[in-house]
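Single-structure report; data block below.
Coordinate-derived values only; no laboratory data. For clarity, every value in this text was computed on a predicted model and none was experimentally measured. Here the Cβ positions follow ideal geometry from the backbone for every residue, glycine too, while neighbour counts run over all protein chains shown.
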Amino acid sequence: MTYCVGLLLDAGLVMLSDTRTNAGVDNISVFGKTFVHETPGERALALLTAGNLAVTQAVWNRLQEGVKLDGQLLTLGSAENMFRAAQLVGAAVREVFATDGPGLRDHGLGFDVSILLGGQIGTAPPRLFLVYAAGNFIEATADTPFLQIGEHKYGKPILDRVLSPATPLADGVTLALISMDSTLRSNLTVGLPIDLTVIRRDALAVSLRRRITEEDAYFAFLRQRWSESLREAYQALPRPDWLD
C-alpha cells in the first residue's frame, strides 16, 4: 500500500508520496514513487504512483520512450498541454495492461495502478489529474483542489476541513505533511521516507524536491506539535451537558 496526495493551489502544486513497498510482512523495501519531467522555461510535471510496482515502473518507462496517441508518438516532453499529457499517461497505462494484464490474471493478480499527474505547460495554468487503471482520468477543481491515491482515508479529513485554492504554497506543504503524518500513524503499510515536490505557478521548473526522513527536524516538530494540538483541542471541548 502507499499514500500519495497532490494539491492544486492558486500559487502552484504540492505533490507528496511515501516510499514503502510491501511484498509481504517480512519483505519491505523503499522505492521512490515520484517521477519528474521538466524542461526549464517550458514545462514541469510530476507523477505520483500507487499500485503494483512493476506496472507503475513500466508505465513510466513507456512514457520515456514514447506512446502512440492519435497516430503520434508522444512523450511528456512533447505533449502540447496538460490535458494531452493526462491522455498520454492513460494511453501508457492501457499499453502496459495489454502487455502485462493477461500474465497478471493468469497468476491470480489484478492490474493495480493509479497515478497523480500534476504540472504546468507553457502559459496555461497548472492542472492536476488522477489517472485510473482503465486509463481514464478525473481532474482537480476549485471545489475539490486535491487528489489522493492509495491509502487515502486517514489523510483526507484535514484537507476537507482546511484546504482551498487560495491556501498559500507554504501552508499547502504543511497540510500535505500533516495529511501524510495522519496516514503514517494509522497504517503501517505507509512509511518514511517521503518525497515532496513543489511546482510554483509560472516557474515552469520544479521549485523543490526534498526527501524527508525520520531525521528531518521540521517534520519531526510538525508531528509532535500536531499531536499536542489535537490533544489540547480535545481537552478544551465541553463535555455533553446531558451526560450526568
Return VAL30, VAL93 ranked ascending by Cβ neighbour count within 10 Å, so the fewest neighbours appear first.
-> VAL30, VAL93
With Cα coordinates, the longest principal axis of the chain makes an angle with the long axis of helix 169-186, in degrees rounded to 10, of 80 degrees
Helix 217-236: angle to the longest alpha-carbon principal axis of the chain, degrees 0 to 90, nearest 10?
-> 50 degrees
Distant-in-sequence amide H partners of ASP112 (H built 1.01 Å from N, under 5 Å) | ASN52
VAL162-GLU232 pseudo-label distance in nm [points 7 Å out on the Cα-to-Cβ vector] = 1.4 nm
Rank the residues LYS156, LYS68 as a footprinting-exposure proxy: fewest other Cβ atoms within 10 Å of their Cβ go first.
-> LYS68, LYS156
Kindly express, to the nearest 10 degrees and within the range 0 to 90, the angle between helix 82-106's C-alpha long axis and the longest C-alpha principal axis of the chain.
-> 80 degrees
Would you work out the relative contact order for the chain, in percent, from Cα pairs under 8 angstrom that are 6 or more residues apart?
-> 28 percent
In Hz, Karplus ³J(HN,Hα) per residue of segment 149-164 (6.51, -1.76, 1.60; θ = phi - 60°; x = Gly, Pro) | 9, x, 7, 9, 5, 6, x, 7, x, 5, 5, 4, 7, 10, 6, 9
When Lys and Arg each count +1 and Asp and Glu each count -1, what net charge do the other residues less than 13 Å away from LEU230, Cβ to Cβ, add up to?
-> +2
Residue exposure sequence - PHE129, PHE221 - by fewest surrounding Cβ within 10 Å = PHE221, PHE129
Considering only the other residues whose Cβ falls under 12 Å of the Cβ of ALA205, what net charge follows from Lys and Arg at +1 and Asp and Glu at -1?
-> +1
Unit charges on C-beta of K, R, D, E only; dipole of the chain, Debye | 160 debye
For LYS68, which lysines qualify as cross-link partners when the Cα separation must be under 25 Å and same-chain residues fewer than eight apart are set aside?
-> LYS33
